[in-house]
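Notes for the one structure printed next.
The values are calculated or read from the model by the stated rules, or taken from the named source; none is laboratory data. Fair warning: this is a prediction, and the values are worked out from it, not measured in the lab. Cβ atoms come from the backbone with ideal geometry, glycine included; neighbour counts cover every protein chain shown.
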Amino acid sequence: MVAAQTTSLPGQIGGGRKWDYRCTWIRDTAFSLYALLRLGFKEEAAGFMDWLTDRFRERVGSESGPLQIMYRIDGTSDLTEEILTHLEGYCGSSPVRIGNGAADQLQLDIYGELIDSVYLFNKHASPISHAAWTDLSRIVEWVCENWDQADEGIWEVRGGQQHFTYSRLMSWVAVERAVRIARQRGLPADLVRWMATRDEIYRQVIERGWNAKRGAFVQHYDTEVLDASVLLMPLTKFMAPTDPLWLSTLDLISKELVSDSLVYRYNPIASPDGLEGDEGTFTICSFWYVEALARAGRVDEARLVFEKMLTYANHVGLYSEEIGATGELLGNFPQAFTHLALISAAANLDRELGS
């Protein structure tokens, strides 16, 4: 599965925010496994897990970690970014890029998404093998050594590394899920160290990711800017969906990042990211918002937002990466990540509605 079948479709007509999405992201792979398992496609999930397991064994000792954040569909990692100057781009939106320079970024969140998917596969599909556990344990050890770093984060910013709250959240997920697997299966692991690291990450997120002045968890440490990626806090079980800290965050996100049912990932003016131009709302964030509302007990509101989002699909039910202020589809299309979030939101909303 690739992130999208297209390259260089812009987030704003004429803007510079456009990338080649014809690659397989570790992050997308993890969400894909979750969606396949939720829908009962265990054979397909097993095939994807085999592909993912092969990536465990590569890049030992790399400066950006034991995994690259994205690969070609054949598993190779050469994604050198080039600009095709002879093409004017969609609606004159240049530049047109092939390859993706973000491939070598440090994005610590991918380890949480990876190990969470392994945890789900081990629990609902097939037990993890000894060889895979050995490789996975090596990755957990790397996370224990390296989680407390600035990185480029889930949104692959090109304006410098930060201590992103979401990256810390998913580092916690990486270690927490590894502890669960080891305990469930009785597998060998340095549980004392892993649990100590898990708790240290948790305390740091609470102490530094929370901005008391704003009454919300923020994009990164030492800022007041919001970021829709923290909507995954209750979805990953880091925080109870009815915790007062979370409900305050959800209320502020609703106030500042939500336009009707559409959700912006963050404000690029308030938080410069090194990228050109403006952008539309991020469709995946809107479905995360649905799920966060449902888990917080605001089920009627979640259902209304979900039903509104259904109206933004095209004539065959597909979504682009972004949606503009007037409802136009923006960004690469169709985007897998968006549809994976839709599946999760639909499944959880259905459960909360008691259908």
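A compact table of results
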read-out: Filtered residue count, the range 220-235, keeping only those that are part of a loop (DSSP other than H, G, I, E, B) and in contact with a helix residue (DSSP H, G or I) (Cβ under 9 Å, 6 or more places away or on another chain); value: 4
read-out: Pick from the range 106-133, criterion surrounded by fewer than 19 Cβ atoms within 10 Å (Cβ to Cβ) and not hydrophobic (A, V, I, L, M, F, W, C), ranking: farthest from Gly14 (Cα to Cα); value: His130
read-out: Helices (runs of 4 or more DSSP H) fully within the range 95-198 counting 3 or more residues that are under 29 Å from Asn267 (Cα atoms); value: 109-124, 165-185
read-out: Test for Asp28: is it over 30 Å from Gly160 (Cβ atoms) and part of a helix (DSSP H, G or I); value: no
read-out: Residue that is surrounded by the fewest Cβ atoms within 10 Å (Cβ to Cβ) [pool: residues in the range 196-229 that are over 20 Å from Val143 (Cβ atoms) and in contact with a Gly (Cβ under 8 Å, 6 or more places away or on another chain)]; value: Val218
read-out: Among the residues listed as Ser117, Ser167, the single one being touching a residue at least 40 places away in the same chain (Cβ under 8 Å), in contact with a helix residue (DSSP H, G or I) (Cβ under 8 Å, 6 or more places away or on another chain) and under 28 Å from Gly280 (Cα atoms); value: Ser167
read-out: Lone unmet requirement of (1) within 28 Å of Thr6 (Cβ to Cβ); (2) at pLDDT below 95; (3) surrounded by 16 or more Cβ atoms within 10 Å (Cβ to Cβ) for Leu136; value: (1)
read-out: Only listed residue being at pLDDT 90 or above, under 18 Å from the mean Cα position of the chain (by Cα) and at negative phi, chosen from Ala346, Ala302, Ala313, Ala296; value: Ala346
read-out: Any chance Trp155 is closer than 23 Å to Ser261 by Cβ and either of a type in the set (Phe, Trp, Tyr) or modelled with pLDDT under 95 (or both); value: yes
read-out: Some residue of the range 205-216 being closer than 25 Å to Met70 by Cα and assigned to a helix (DSSP H, G or I); value: no
read-out: Odd one out for Gly40 among (1) modelled with pLDDT of 85 or more; (2) surrounded by 16 or more Cβ atoms within 10 Å (Cβ to Cβ); value: (2)
read-out: Some residue of the range 238-253 being in contact with an Asp or Glu (Cβ under 9 Å, 6 or more places away or on another chain) and farther than 20 Å from Glu301 by Cα; value: yes
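Yes or no, residue by residue, for (1) within 22 Å of Ile343 (Cα to Cα); (2) in a helix (DSSP H, G or I); (3) under 22 Å from the mean Cα position of the chain (by Cα); (4) free of Cβ contacts under 8 Å to residues at least 60 places away in the same chain:
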site: Glu43; (1), (2), (3), (4): yes, yes, no, yes
site: Met49; (1), (2), (3), (4): yes, yes, yes, no
site: Gly65; (1), (2), (3), (4): no, no, yes, no
site: Thr85; (1), (2), (3), (4): no, no, no, yes
